[in-house]
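The values are calculated or read from the model by the stated rules, or taken from the named source; none is laboratory data. Here the structure is a predicted model, which is why all the values come from computation and not from measurement. Neighbour counts run over all protein chains shown; Cβ positions are idealised from the backbone, glycine included. Each accessible area value is taken on the protein alone, full model and side chains, heavy atoms only, with ligands, DNA and RNA left out. Shrake-Rupley method; radii C 1.70, N 1.55, O 1.52, S 1.80 Å.
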Amino acid sequence: MTGVAALLDSLAQPAAVYGPDGALLHANGAFHALWKRLVPAADRGRSASLGAVTAFLGLPCDGASPGRFHDHASAGGVIAAFALAPLAGGGWTLSAQDVTDQRRDERSAERSQKIALVALADLAEHRDNETGEHVLRVARLTHETARRLWARGDYPGSIDDDLLRHVGVASILHDVGKVSIPDTILLKPGRLTPEERAVMETHAASGAAILRKAETMLAGSVQFRLAASIAECHHERWDGTGYPNGLAGEAIPLAARIVGAADVYDALSSRRPYKEPWPAERVAAHLREQSGRHFDPLVVEALLEVVEARAGARTIEWTAEMETGIPAIDSDHRVLLALVNQIAYEDNKGDRTAVEFVLDELLGYTALHFAREEALLERCGYPDLDHHRRIHAALLDEVRGLQRRMVAFTPGLGEELHRFLGHWLTSHIQGEDMTYLPYVPR
């Protein structure tokens, strides 16, 4: 063991060796220094046992993906990547590296790209004020449906880490090809003629061409590869009657099959200028009716399981004390409360991508709600409007600060965000919002 210890001590990279029984044989100084920065004092003794340390880090110890690095973030923002590998004679090596700066840079770039994609989606349908919220809702439902398919064991050869990490963001540009459609067709209020319908359907191929060019320029970006596939194929149908290529069944890329169902679900569930939202039961019935015709049956099952699980995530309940008696305001508050509850939804709270999608959706909808509320108060001559605006601005800044904390995400952060946002929302509704009620006619 002396030679192994000397070898480990000569390494600049943190490393430890465990025996066949899981007991720590030796860890070098770099490992101890990183462990001290990463782990609270009460938990530092876990490093003495392989079982305890892997349980704490969430690191597989069953031989799966040996040598593959897994991130762990501390409450203080330190992020380290750990990899476990078996030794030929028995035992294990645990190597690590501090990746805090690398992950911050990566996630900052991903964040910037995501914001740019939402802006591009808005440009694609620039007269639809709800597009930004629509694409974020579709992105979150896409991500959660893909995760549910993976958890169910469906399509094991088609769902990998790249799909789970990127499919939600890639879905944002599913209709980017509409930039190529003339306004006379895109914005026509009535039914399209067969000729106009044919032009409208070209947006799928046009979007794919735009995104494949971007993929080439970005040296094979996974996000843009998926986005191109989604843009081209999300209007294909399981029975082969869709467009642009008449693909059927599993010939349609899985990402596109998921987005196609999520897009229809959100469109039917949402209020649009030309229609009221369908009740949840009616939307679910429509998807089931179209299962095996328009939609992949397994995707429909997974999506509806996600919707059902979301509906059960009610850790903060709407109460009579929250009612303002102003239908539009109360409707907004209910949406915001439902979003806050989604952070505590069991499958989401340990999933950084899912929590970030909820925060994005929450921030976007909060900004819209505040704008609506401020316009209402201005029309009513509310004397403390400037004070109310300052409170709104401060709350938006706090939510943006929460988004920045996502770089060092841990499962505990999801629960912390839920508690903070729940308190913020309920206290704001029951406190500040009640002060303007005497000035608003109802």
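Some notes on this structure:
- Filtering the stretch 232-245 to residues that are free of Cβ contacts under 8 Å to residues at least 40 places away in the same chain, open to solvent by less than 50 Å² (accessible area, probe 1.4 Å) and either among the polar types (S, T, N, Q) or more than 16 Å from R197 (Cα to Cα) (or both) leaves E232, C233, G240.
- Candidate set: the stretch 293-321, residues that are modelled with pLDDT under 90 and not in a helix (DSSP H, G or I); chosen: the one least open to solvent (accessible area, probe 1.4 Å): A313
- Extreme residue, farthest from D71 (Cα to Cα), among residues of the stretch 6-48 that are touching a strand residue (DSSP E or B) at 6+ places or on another chain (Cβ under 8 Å) and polar (S, T, N, Q): N28
- Test result for R379, open to solvent by 30 Å² or more (accessible area, probe 1.4 Å), assigned to a helix (DSSP H, G or I) and closer than 27 Å to A80 by Cα: no
- Residue-level analysis places R137 among those that are buried (at least 20 other Cβ atoms within 10 Å of the Cβ) and out of contact with any Leu (no Cβ under 9 Å at 6 or more places or on another chain).
- Any pair with Cβ under 8 angstrom, 6 or more apart, that starts in the stretch 150-171 at a residue that is under 15 Å from A256 (Cα atoms) and ends at one that is of a type in the set (A, V, I, L, M) and open to solvent by 50 Å² or more (accessible area, probe 1.4 Å): Y155/L298
- Residues satisfying the stated conditions in the stretch 310-348, i.e. among the aliphatic types (A, V, I, L, M) and more than 16 Å from the chain's Cα centre (by Cα): A311, A313, I316, A320, M322, I326, A328, I329, V335, L336, L337
- For the stretch 172-197, filtered to residues that are surrounded by 12 or more Cβ atoms within 10 Å (Cβ to Cβ) and among the small types (G, A, S), the residue that is modelled with the lowest pLDDT is S180.
- Any hit, the stretch 277-292, residues being touching a strand residue (DSSP E or B) at 6+ places or on another chain (Cβ under 7 Å) and more than 30 Å from R419 (Cα to Cα): yes
- Within the option set T353, T324, T366, being more than 21 Å from D433 (Cβ to Cβ), among the hydroxyl-bearing types (S, T, Y) and either modelled with pLDDT of 85 or more or assigned to a loop (DSSP other than H, G, I, E, B) (or both) holds for one residue only, T353.
- Within the stretch 322-335, considering residues that are open to solvent by less than 50 Å² (accessible area, probe 1.4 Å) and of a type in the set (A, V, I, L, M, F, W, C), the one farthest from L368 (Cα to Cα): M322
- Selected residue (criterion: least open to solvent (accessible area, probe 1.4 Å)) from residues of the stretch 382-412 that are among the acidic types (D, E) and farther than 30 Å from I79 by Cβ: D384
- In the stretch 424-442, the residues that are open to solvent by 50 Å² or more (accessible area, probe 1.4 Å), without any contact (Cβ under 8 Å) to a residue 60 or more places away in the chain and either in contact with a helix residue (DSSP H, G or I) (Cβ under 7 Å, 6 or more places away or on another chain) or within 13 Å of R334 (Cα to Cα) (or both): E432
- Looking across D71, D98, one residue alone is open to solvent by 50 Å² or more (accessible area, probe 1.4 Å) and either at pLDDT 85 or above or over 30 Å from Q403 (Cα atoms) (or both). It is D98.
- Single match in A267, A255, A251, A262 (criterion: among the small types (G, A, S) and open to solvent by 60 Å² or more (accessible area, probe 1.4 Å)): A251
- Residue count for the stretch 116-139 satisfying the condition of being modelled with pLDDT of 75 or more and more than 18 Å from H203 (Cβ to Cβ): 4.
- Count of the stretch 155-171 residues which are modelled with pLDDT under 90 and open to solvent by less than 10 Å² (accessible area, probe 1.4 Å): 0
- Failed criterion for Y18 (all others in (1) over 21 Å from D351 (Cβ atoms); (2) open to solvent by 80 Å² or more (accessible area, probe 1.4 Å) hold): (2)
- When the criteria are applied in full, L34 fails the requirement of being of a type outside the set (V, I, T), free of Cβ contacts under 8 Å to residues at least 60 places away in the same chain, surrounded by 13 or more Cβ atoms within 10 Å (Cβ to Cβ) and within 22 Å of A6 (Cβ to Cβ).
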